[in-house]
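What follows is a set of notes on a single structure, which appears directly below.
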Amino acid sequence: MDESTDQLSRSELQRRAVQGVGWTVIHTVVSIPIAFVVNLIVARILGVVDYGRLAYLSVVMDVAGTILSLGVGTALVQFGSRFTAQGRRDEARRLLSISQGFSLVVVAPAITIVILVMVHVPPLLLGLAIVFGVVLPNLFGTASTALAMENRTAASARNAMVQNIVVQLAVVTTVLTLREADSVWAARVAAGGIIAGLALIPLSPDFRRAVLRPRWPRRFPVGFWKFAIPSGLSTLIAQLVVTRSEVVFLNWLSTPEAVGIFALAMGVAGNVFAPAQAITGPLIPALSSLKATADENAMVKAFARTVRASSTVSALITAVGVPAIAVLIPLFYGAAFSAAVLPVLALGCVGGFTVAASPAWAFTLARLSARRLLTINLVALAVDVALAWSLIIVLGTWGAVIANGASVSVRVVMLLYGEGRALGIRHLDVAKMFAPVLVGMAGAWLGWGIATAAPLGTLLAAVVAAALGLGSCLLGLRALSLGLGSSDTAAIMDAAPSPLRRVLRPMLAVVTR
């Protein structure tokens with residue numbers, strides 16, 4: 001098959017999607033230990049208050065970037081993937097060029113202004129952050145999106161491994177030398193931008209030329225902005241609901257220590273679920289392409305398979321990783337962060353809930369249902385803001401935990417209900433697909449409770465918590481006939497990268513009904 005011109009078949013789309021998942025899992029397995037160690041070093045050196053400041057800067061700048069991008073990146077993936085899957089390469093190239101022009105003309109100058117206002121670092125470091133963290137990423141930014149348009153997310157994952165190593169080295173060097181939150185943030189941003197053009201290497205030559213020849217951002221495809229702006233707003237609101245946005249309310253209504261405790265708990269929970277989140281990224285362009293080339297029955301089967309897979313993976317990670325890391329918090333991060341133990345356990349379960357439902361979000365995007373996503377996220381944000389505003393001032397960190405958990409739950413239920421209805425799947429069947437993660441959450445609390453009640457040392461207690469969580473989760477899945485079907489396992493094994501197959505085969509056998 002000529003990958004530059006031919007329309008992609010359904011089997012090719014599935015193969016590329018699963019390979020993308022596989023390589024993204026490899027990336028996360030390699031990156032998680034590195035990120036964990038780096039986060040530990042940063043937290044111990046900066047302390048609770050400055051760690052909270054770093055989290056606050058990260059949240060504010062991420063939100064600013066989402067606002068300024070106006071949903072162009074999301075719309076580029078959706079429209080570009082469809083054009084590419086249908087063999088409409090000329091339209092895909094033109095869209096890449098004008099989107100690149102938008103990044104340079106609109107996004108880069110605006111983010112530069114935000115950085116100048118928000119961040120306080122020496123002029124040299126500020127200049128490096130702007131050049132390498134704003135200019136270069138926006139100069140080459142659509143290259144990684146172009147890989148997604150071609151459903152070549154495996155190449156993106158390999159690039160991300162290199163980028164992660166560079167970023168983490170920069171963070172460690174900066175925190176060991178400057179020991180200041182703003183400087184660590186600037187170094188992280190600058191290091192990421194240094195290798196922003198790495199995605200150009202595996203990109204098809206015609207797409208590479210389109211990225212390197214930006215055009216004035218005008219005459220986008222019909223329906224582009226109608227989808228981009230609502231989806232951009234939806235992404236922003238989802239970001240406020242799902243990520244560490246509660247640190248902003250904590251910064252206003254509570255103490256700097258509460259900000260640091262909550263930020264650490266959210267960060268640790270996010271690292272635990274990075275492998276499961278690998279499922280979602282490659283799904284988005286693949287599903288957009290599938291929607292353009294396949295019938296509704298294929299979408300129903302794909303939805304069922306991906307929800308079962310994500311909920312099963314999330315269940316295992318929740319049951320094993322969350323209780324173990326909660327036990328280890330005081331040992332790894334020091335007594336100053338001991339108050340984060342229970343928030344880590346609670347937010348870890350919330351993270352499992354979120355990741356398990358992520359395919360529903362990807363499928364809704366594939367339908368270009370930006371307004372429905374916007375409505376769902378607005379409702380969830382209203383719950384988040386109401387609870388955060390009323391509870392943080394009284395409960396501090398736990399007010400933020402409750403607000404985050406409630407808003408995420410509302411969002412997950414609405415996503416699953418809406419997509420199940422759109423595909424004509426009974427709500428009871430959708431609930432069964434999603435149920436494994438609930439079993440994993442119960443296993444996490446059970447494992448942690450028994451391990452911490454017993455007179456064990458910290459390391460042994462962590463091992464016992466993980467083992468009990470895993471055992472109770474597997475027993476629950478077997479007893480309730482939940483998890484992957486044999487056809488799910490066969491599809492994953494057929495398209496998995498060869499380095500993963502030997503590891504995947506016994507793991508999948510355990511969770512296959």
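Which residue is modelled with the lowest pLDDT, if the candidates are limited to region 235-261 and must be surrounded by 22 or more Cβ atoms within 10 Å (Cβ to Cβ) and not in a helix (DSSP H, G or I)?
For region 235-261, the residue satisfying everything is Arg244.
Given the criteria under 24 Å from the mean Cα position of the chain (by Cα) and either assigned by TED's automatic domain parsing to the domain that holds Ile329 or surrounded by 22 or more Cβ atoms within 10 Å (Cβ to Cβ) (or both), does Ser58 qualify?
Against the criterion (under 24 Å from the mean Cα position of the chain (by Cα) and either assigned by TED's automatic domain parsing to the domain that holds Ile329 or surrounded by 22 or more Cβ atoms within 10 Å (Cβ to Cβ) (or both)), Ser58 does not qualify.
Taking Leu345, is it within 20 Å of the chain's Cα centre (by Cα) and either more than 17 Å from Gly260 (Cβ to Cβ) or in the same structural domain as Val412 (by TED's automatic domain parsing) (or both)? So that I can check it myself, show each step before the final result.
Numbers: within 20 Å of the chain's Cα centre (by Cα): yes; either more than 17 Å from Gly260 (Cβ to Cβ) or in the same structural domain as Val412 (by TED's automatic domain parsing) (or both): yes.
So Leu345 fits the description; yes.
Test of understanding: among Gly127, Gly141, which residue is free of Cβ contacts under 8 Å to residues at least 40 places away in the same chain and of a type outside the set (Val, Ile, Thr)?
On the way: Gly141 fails: free of Cβ contacts under 8 Å to residues at least 40 places away in the same chain.
Just one listed residue meets the conditions, Gly127.
What are the residues in region 36-55 that are within 18 Å of the chain's Cα centre (by Cα), buried (at least 19 other Cβ atoms within 10 Å of the Cβ) and over 18 Å from Trp252 (Cβ atoms), if any?
Asn39
State which residue pairs qualify: first residue at positive phi and inside region 333-357, second residue crowded, with 23+ Cβ neighbours inside 10 Å in any location, beta carbons under 9 Å apart, and separation of 6 or more residues or different chains.
Close Cβ pairs (under 9 Å, with a partner that is crowded, with 23+ Cβ neighbours inside 10 Å) amount to Gly334/Ala43.
Restricted to region 110-159, and to residues that are over 18 Å from Arg188 (Cβ atoms) and of a type in the set (S, T, N, Q), which residue is surrounded by the most Cβ atoms within 10 Å (Cβ to Cβ)?
Thr142
Being surrounded by fewer than 19 Cβ atoms within 10 Å (Cβ to Cβ) and not in a helix (DSSP H, G or I) is the filter; apply it to region 458-497 and report the residue that is modelled with the lowest pLDDT.
Only one residue fits best here, namely Pro497.
What residue, of Val401, Val307, Val313, is crowded, with 24+ Cβ neighbours inside 10 Å and over 24 Å from Lys432 (Cα atoms)?
Val401
The values are calculated or read from the model by the stated rules, or taken from the named source; none is laboratory data. Values in this document were obtained by computation on a predicted structure and should not be read as measured data. Quick reminder, even Gly has a Cβ in these numbers, built from the backbone with ideal geometry, and neighbours come from all protein chains shown.
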